[in-house]
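Trainee: One structure is given below, represented as structure tokens, and several questions about it will come after.
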Amino acid sequence: MPNEPTPPRLLVVDDVDDNRTILSRRFGRLGFEVIEAESGERALEMIKVQSFDVVLLDIMMPGIDGLEVLRQLRETYSQDQLPIIMVSAKSSSEDVVDGLLLGANDYITKPVDLKVAQARVEAQLSRKRADDASRAAQRELQRSLETLRGALASPDAVVDGASPALGAKLEMASAISRLCERPGFEDMIGLVDGAIGLLRQMSSTLEPEAPGQAARSDAIRILSIDADAQDREVVRQMLFEASRAVEVVELTDVPSDEGVLQDRRFDLLILSWRADDPRNAAFIGTLRAREAKAGEPRMPIVALSDNHEHSAAAVAAGADLHLVKPLTAAGLLNAVVGSLSEAAPGARARA
């Protein structure tokens, strides 16, 4: 049995019982776990010992008011870590401005329109979950990089035979590391590129990548194949956040011929993998056969699907990586590091 998703936790802070009850009932019916705090003091106590996804915080309360609660919380939690929506009696109130300046994520006004409250809470929840997932992926990437660096630590190691599979992994890793260059990823990209270079040096048959060769050009050419418009938009957004120039050719279906591939070389193919569509495997197989016959470099292929169980079939068909949607830079880098780590245990000490 798969684990049930954890319901989002909402803290409602208001000194008026009826206000808390109305909001609690509404969000409880929407699947939230709602916790109530009747004062600013109680809210601060609860947040010290519990985690919440979003806080609805009334401004005007006796004792510690909402603005003071917000000020204290922002000393510990950023807007990404703990979204706080202020509840104000007047839309033009100076309190609203003060709240936004203190770091409130949003505000709603009284009397509370429940549909507006729902929309704003769900918007903040969506952003927080995306940020949480990104931070978790980056933490996992850092752990994976440490593991890889440990596996490659011996200066006397050599990769056994430098199989064609290793060469394919390195070409794929090189292309994807360039694609994932963006602010905040500089150190991680540096470590990935260092691992790529070290694996090349360890190889007895692979030549080190020459500086300035075509594979390292600034422009990155991507072929994206996906029938779902929303998934294509997610891929497009991720690609365009890269620090390098990216040129994307989009197709809504697997091409029936290789015309799109004959005129130009792509640095990466991103293919939406459907287990019930044999054309995916056939297309990759045809591409790999053409590359082998013509002696062309192997094009890195990333297969995307909504299920981890599709990985074996996609890789067996000729894809280099399989990822579960949605596509993210951190997810791509994690997969690259995992793939390189598979090559590292093959190292042995020189005789």
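Trainee: Would you mind calculating the gained length between residue 324 and residue 227 on full extension (0.36 nm times residue separation, minus the Cα-Cα distance), in nm to one decimal? Walk me through the intermediate numbers first.
Mentor: On the way: separation 97, 0.36 × 97 = 34.92 nm, distance 1.60 nm.
So the extension gain works out to 33.3 nm.
Trainee: Between residue 250 and residue 106, what is the label-point separation in nm under the 7 Å Cα-to-beta-carbon projection?
Mentor: 2.6
Trainee: I've got another one for you. Can you tell me the relative contact order of the stretch 9-127? Whole percent, Cα pairs under 8 Å, sequence separation 6 or more. The partial results should precede the final answer.
Mentor: On the way: 186 pairs, mean separation 27.4, N = 119.
Relative CO of the stretch 9-127 lands at 23 percent.
Trainee: Enumerate the calculated ³J(HN,Hα) couplings along the stretch 293-309 in order (Karplus 6.51 cos²θ - 1.76 cosθ + 1.60, θ = phi - 60°), each rounded to whole Hz, writing x wherever the residue is Gly or Pro.
Mentor: Computed from phi, the couplings for the stretch 293-309 are 5, 8, x, 7, x, 6, 7, x, 10, 10, 9, 10, 8, 9, 8, 4, 5 Hz.
Trainee: What is the stretch 9-127 by shape, rounded, prolate or oblate, if you read a ≥ b ≥ c off the alpha carbon gyration tensor as root eigenvalues and call it rounded for a/c under 1.5, prolate for a/b larger than b/c, and oblate otherwise? Before the final figure, lay out the partial values.
Mentor: Details: a/c = 1.20, a/b = 1.10, b/c = 1.09.
Since a/c stays below 1.5, the shape of the stretch 9-127 is classed as rounded.
Trainee: Which length gain, in nm to one decimal place, applies between residue 294 and residue 140 when the Cα-Cα distance is subtracted from 0.36 nm times their residue separation? Write down the numbers at each step before the final one.
Mentor: On the way: separation 154, 0.36 × 154 = 55.44 nm, distance 3.89 nm.
Stretched fully, the residue 294-residue 140 segment lengthens by 51.5 nm.
Trainee: Given H placed 1.01 Å from N in the peptide plane, which residues other than close sequence neighbours of residue 251 have an amide H under 5 Å from its amide H?
Mentor: For residue 251, whose amide H was placed from the backbone, the distant partners under 5 Å are 224, 225, 226.
Trainee: What are the ³J(HN,Hα) values, in whole Hz, obtained from phi via the Karplus relation 6.51 cos²θ - 1.76 cosθ + 1.60 with θ = phi - 60°, for each residue of the stretch 39-48 in sequence order, with x given for Gly and Pro?
Mentor: 7, x, 4, 5, 4, 5, 4, 5, 5, 5
Trainee: Within the set 169/325; 48/115; 48/128, which residue pairs have Cα atoms separated by over 23 Å? Walk me through the numbers on the way to the answer.
Mentor: Values: 169/325 21 Å; 48/115 30 Å; 48/128 19 Å.
Pairs exceeding 23 Å: 48/115.
Trainee: Check which residues have an amide H placed less than 5 Å from residue 273's amide H, if you skip close sequence neighbours.
Mentor: Those lying under 5 Å, H to H, from residue 273 are 304, 305.
Trainee: For the stretch 30-35, in order, what is each residue's ³J(HN,Hα) by Karplus, 6.51 cos²θ - 1.76 cosθ + 1.60 with θ = phi - 60°, in whole Hz (x at glycine and Pro)?
Mentor: 8, x, 7, 8, 9, 10
Trainee: Related question: Sorted by packing (mean other beta-carbon atoms within 10 Å per residue), highest first, where do 49-60, 220-231 land? Could you put the intermediate results ahead of the total?
Mentor: On the way: 49-60: 19.7, 220-231: 17.5.
Ranked by mean Cβ neighbours within 10 Å, highest first: 49-60, 220-231.
Each reported figure results from applying straightforward, stated rules to the coordinates on display, with no laboratory input. As the structure is a computational prediction, the values presented were derived from the model and not from experiment. FYI the Cβ positions are ideal-geometry reconstructions off the backbone, even for glycines, and counts take in every protein chain you see.
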